[in-house]
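Below: the structure, in structure tokens.
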Amino acid sequence: MAIVLSTPPFTVFYDDNGNPLTGGKVFTYTAGTLTPRVTYTDQGGLTSNANPVILDSAGRAAIWLDNAFGYKFIVHTSADVLLSNGTIDNITPFNTSSSSGLANIGSIAANTIIGNNTGSSAIPTALTVAQVNTLLSGSATGVVLISTQTISSPVASVDFTSGINGTYSRYLLTITGLRSSTNTVELRTRFYRSAAWLTTSDYSGDCVGRGGGFDISASAAAATAFAILSSANSMTLSNDTARAFGLNIEFGNTTDAALSHSIGYRVWGGAGSATVAMGVGRYEVAGALEGIQFYASSGNLAGGTFKLYGMV
């Protein structure tokens, strides 16, 4: 059972002196316009009010609204004099009956914001992250989840060949709980272009950081893949959950064929969960970036959750 505040059975209007607006006239229009909009004498909408609605001796009238529309009221005295502040625009109908209001929205999915970003009165709908950010800040900035891959059994690689298509200006890929099926192996990365993985010896990169009490500083020479985790930077994968790695990887401008694309990354975890490092990986041949692949230098990837986000 839901308990709600009682709504008045009548709409009451007062004149500029605070007295009931006896015989007053309420003209009703679609919000933001002077297009007449019908109101009703009852909740079921069976009988339309006259337009203008004529108030009784106590300044009252039964005015029921169609909650599919916003309204504008223009209120006059019985002598057709417009009241001061007598124009009220963008009146939003609302009630909790079974046919409108909250009940009409129904069950709302988890982590959903309901609203209206159309620029005019409209029935509320579920908003996207970009739409919410636009309403809050005036620009569609934010992070949108594109896809998730979770390793539930060992796999040779984790591939993202869709969703990286220039829809977003930048992309973020997060990896948590990353493990390999065998110990002391590298995590390698390749790019995808024109429906094929790029395997020529044109990858390179740099990594700096600190892990387990030692400094890391390494550069990767040209190779057929870029090693994010390797013995060269004192970070390798293992099958030990206590040594699982996490990574944040960013890249952008994916459709620009004039660029030789790169990724920037941050690593944490590993031995004693103490390793923290940052680096960049590059593919030196210009062209669009359409996908990204992760695999172990030997054996399989045994665990981890990969989430691809678009940043707008």
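Observations on the model:
Yes/no per residue for (1) modelled with pLDDT of 90 or more; (2) touching a Pro at 6+ places or on another chain (Cβ under 9 Å); (3) surrounded by 11 or more Cβ atoms within 10 Å (Cβ to Cβ):
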| position | (1), (2), (3) |
| --- | --- |
| 17 | yes, no, no |
| 52 | yes, no, yes |
| 57 | yes, yes, no |
| 71 | yes, yes, yes |
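- For residue 235, the criteria (1) touching a strand residue (DSSP E or B) at 6+ places or on another chain (Cβ under 6 Å); (2) assigned to a strand (DSSP E or B); (3) at pLDDT below 90 hold in every case but one, which is (2).
- For the stretch 64-77, the count of residues that are part of a loop (DSSP other than H, G, I, E, B) and farther than 27 Å from residue 118 by Cβ is at least one.
- Among the candidates 229, 247, residue that is touching an Asp or Glu at 6+ places or on another chain (Cβ under 7 Å), aliphatic (A, V, I, L, M) and closer than 23 Å to residue 208 by Cβ: 229
- Taking the stretch 15-51 as the range and being over 44 Å from the mean Cα position of the chain (by Cα) and closer than 16 Å to residue 86 by Cβ as the test, the residues that pass are 15, 16, 17, 18, 19, 20, 21, 22, 23, 24, 25.
- Residue tally, condition among the β-branched types (Val, Ile, Thr) and in contact (Cβ under 8 Å) with a residue 60 or more places away in the chain, over the stretch 47-90: 2
- Within the stretch 199-223, being modelled with pLDDT of 90 or more, surrounded by fewer than 20 Cβ atoms within 10 Å (Cβ to Cβ) and of a type outside the set (Asp, Glu) holds for 199, 200, 201.
The values are calculated or read from the model by the stated rules, or taken from the named source; none is laboratory data. From a predicted model like this one, the values you see are computed outputs, not experimental measurements. All Cβ positions, glycine included, derive from the backbone under ideal geometry; neighbour counts span all protein chains shown.
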